[in-house]
Amino acid sequence: MKARVHVMLKNGVLDPQGEAVRHALGSMGFDGVNGVRQGKVIELDLADGATEADVTAMCEKLLANTVIESYTIEGFA
Amino acid sequence: MHAAVVVFPGSNCDRDLAVAFEAAGAKVSMVWHKDTKLPDGIDMVGVPGGFSFGDYLRCGAIAANSPICNEIKAHTDRGGYALGICNGFQVLTETGVLPGALLRNAGLKYICKTIGLKVETSASAYTAGYNAGDVIDIPIAHHDGNYFADDETIATLKGEDRIAFTYTDTPNGAKADIAGILSANKRVLGTMPHPERAADAGHGGTDGQALFRALMGTLASA
C-alpha cells in the first residue's frame with residue numbers, strides 16, 4: 001500500500017525559496033501570483049497492515065521538523 | 001578535559017575542531033557516527049561543521065537519528081557539555097537538545113565570509129573568556145543558518161540569558177540576529193559561526209581561541 005506525506009513550512013515561517021519562485025513567475029509575465037509556498041511530497045511504499053499511526057510516528061520522528069513544518073498524511077481512507 | 005569529536009559522513013571541520021581543542025590543552029577522541037557509546041570519561045562532545053549524510057530531507061535530520069546521537073542526547077541529559085558548530089548546531093536542534101531550527105538563508109545564497117559577532121553574555125563556560133558586548137571576528141560558511149524559533153522561545157532565550165552570540169549585521173535572516181544559543185543549563189552551545197576557524201594565527205584571526213581556552217578553564221579539573 002502507498003501513503004503520501006505532504007510537508008509544508010508552517011504559516012509565519014519565511015519561505016525564501018517560495019518567494020524566489022514567486023518573483024520568477026512575476027518576471028515571466030504570470031501576473032496575479034500573490035504568494036508561493038514550496039513544500040515536499042514524500043511517497044511511502046508500505047507493507048500491508050501499516051497504519052496511519054505508524055506514518056504519524058515517522059513524520060514526528062524524521063519526515064517533518066514540527067518546529068518549522070506541518071504535515072498531512074494521505075492514503076488511509 | 002577529554003573531548004569527543006563526532007565524525008559523520010560529510011563532516012569537514014572535525015579535524016579543525018579537534019586541533020582547536022588540543023591547542024587549548026584538551027585530550028581528543030574522534031567518534032564515528034555508528035558508534036553506540038561515547039568513550040569513558042568524556043567531558044565534552046563536539047559536533048563539527050561540514051555536512052552530514054548529504055543533508056537530505058533537512059540539514060542534520062538524518063544525522064540526528066544516527067546511533068551516536070542517542071548517546072549525545074543521553075550525555076547532555078546527564079548535564080554533559082556539548083558544542084555544535086554550523087552543521088553541528090543543525091544536528092543539535094534536530095535532536096531537540098537545543099530549541100528552534102535553522103532555515104535556508106533568507107537571500108538563498110551560501111555565504112562564506114568573516115562576520116562581526118557580538119558576545120551577548122559572558123555567563124557560560126564558552127563565553128567566559130569574553131566580555132558581554134565584545135565584537136569578535138569569526139568566519140561563517142553556511143547555506144542554512146537562518147535561525148528560527150517561535151516568539152515564545154525567543155523570549156525565553158532572552159529572558160534566561162541564553163543567547164550567546166548575535167550578528168552585528170545579520171547575513172542570513174536569523175530571527176533576533178541570533179548566531180548562537182545556549183541550553184537551559186548553559187552547558188550546550190550551538191553556533192553557526194566557526195570559532196575553530198579563528199583559533200590559530202595561521203587562520204588569519206584568533207578571536208575564537210578564547211572560547212576554547214575558557215572551556216578548558218572550566219573543564220580542566222573535571
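The values are calculated or read from the model by the stated rules, or taken from the named source; none is laboratory data. These figures come from a predicted structure and were not determined experimentally. Backbone-built Cβ (ideal geometry, glycine too); neighbour counts: all protein chains shown.
For the stretch B:91-141, the set of residues classified as among the acidic types (Asp, Glu) and either crowded, with 20+ Cβ neighbours inside 10 Å or closer than 15 Å to B:Ala64 by Cβ (or both) consists of B:Glu94, B:Glu120, listed by residue number.
Filtering the stretch B:4-26 to residues that are part of a strand (DSSP E or B) and either among the acidic types (Asp, Glu) or in contact with a Gly (Cβ under 9 Å, 6 or more places away or on another chain) (or both) leaves B:Ala4, B:Val5, B:Val6, B:Ser11. Please verify whether B:Leu117 is under 28 Å from B:Gly41 (Cβ atoms), outside any helix (DSSP H, G or I) and among the aliphatic types (A, V, I, L, M), treating the condition exactly as stated. For B:Leu117, the condition - under 28 Å from B:Gly41 (Cβ atoms), outside any helix (DSSP H, G or I) and among the aliphatic types (A, V, I, L, M) - is not met. Checking the structure you have, find out if any residue of the stretch B:82-92 is closer than 20 Å to A:Pro16 by Cα, at pLDDT 95 or above and within 13 Å of another protein chain (Cβ to nearest Cβ). So far as the stretch B:82-92 goes, yes, one or more of its residues are closer than 20 Å to A:Pro16 by Cα, at pLDDT 95 or above and within 13 Å of another protein chain (Cβ to nearest Cβ).
Close contacts from the stretch A:2-20, counting a first residue that is within 10 Å of chain B (Cβ to nearest Cβ) and a second that is assigned to a loop (DSSP other than H, G, I, E, B) and of a type in the set (Gly, Ala, Ser), with Cβ to Cβ under 6 Å and a gap of 6+ residues or different chains, come to A:Val7/A:Gly39; A:Val7/A:Ala64; A:Pro16/B:Ala106. Looking only at residues in the stretch B:28-64 that are over 18 Å from the mean Cα position of the chain (by Cα) and assigned to a helix (DSSP H, G or I), the one that is farthest from the other protein chains (Cβ to nearest Cβ) is B:Gly54.
Please count how many residues of the stretch B:124-152 are farther than 25 Å from B:Gly204 by Cα and in a loop (DSSP other than H, G, I, E, B). Number satisfying all stated conditions: 3.
Taking the stretch A:27-51 as the range and being surrounded by 13 or more Cβ atoms within 10 Å (Cβ to Cβ) and either in a helix (DSSP H, G or I) or of a type in the set (S, T, N, Q) (or both) as the test, only A:Gln38 passes.
Say we look at the stretch A:21-56 and pick out the residues that are within 11 Å of chain B (Cβ to nearest Cβ) and under 14 Å from the mean Cα position of the chain (by Cα); which of these is nearest to B:Pro171 (Cα to Cα)? Out of the qualifying residues, it is A:Gln38.
Among residues of the stretch B:31-48 that are surrounded by 24 or more Cβ atoms within 10 Å (Cβ to Cβ), those with a Cβ under 9 angstrom from a residue that is of a type in the set (A, V, I, L, M) and in a loop (DSSP other than H, G, I, E, B), sequence gap 6+ or separate chain, pair up as B:Met44/B:Met1; B:Met44/B:Ala26; B:Met44/B:Ala222; B:Val45/B:Leu38. Kindly indicate which of B:Leu98, B:Leu102, B:Leu108 is within 10 Å of chain A (Cβ to nearest Cβ), aliphatic (A, V, I, L, M) and closer than 17 Å to B:Leu189 by Cβ. Testing whether each residue is within 10 Å of chain A (Cβ to nearest Cβ), aliphatic (A, V, I, L, M) and closer than 17 Å to B:Leu189 by Cβ leaves just B:Leu102.
For A:Phe76, the criteria (1) within 14 Å of another protein chain (Cβ to nearest Cβ); (2) among the aromatic types (Phe, Trp, Tyr); (3) over 23 Å from B:Phe148 (Cβ atoms) hold in every case but one, which is (1). The set of residues in the stretch A:59-72 being without any contact (Cβ under 8 Å) to a residue 40 or more places away in the chain, of a type outside the set (Asp, Glu) and part of a helix (DSSP H, G or I) consists of A:Lys61, A:Leu62.
Residues in the stretch B:166-195 that are aliphatic (A, V, I, L, M) and in a loop (DSSP other than H, G, I, E, B): B:Ala174, B:Ala184, B:Met192.
Within the stretch B:77-90, being surrounded by fewer than 20 Cβ atoms within 10 Å (Cβ to Cβ) and in a helix (DSSP H, G or I) holds for one residue alone: B:Asp77.
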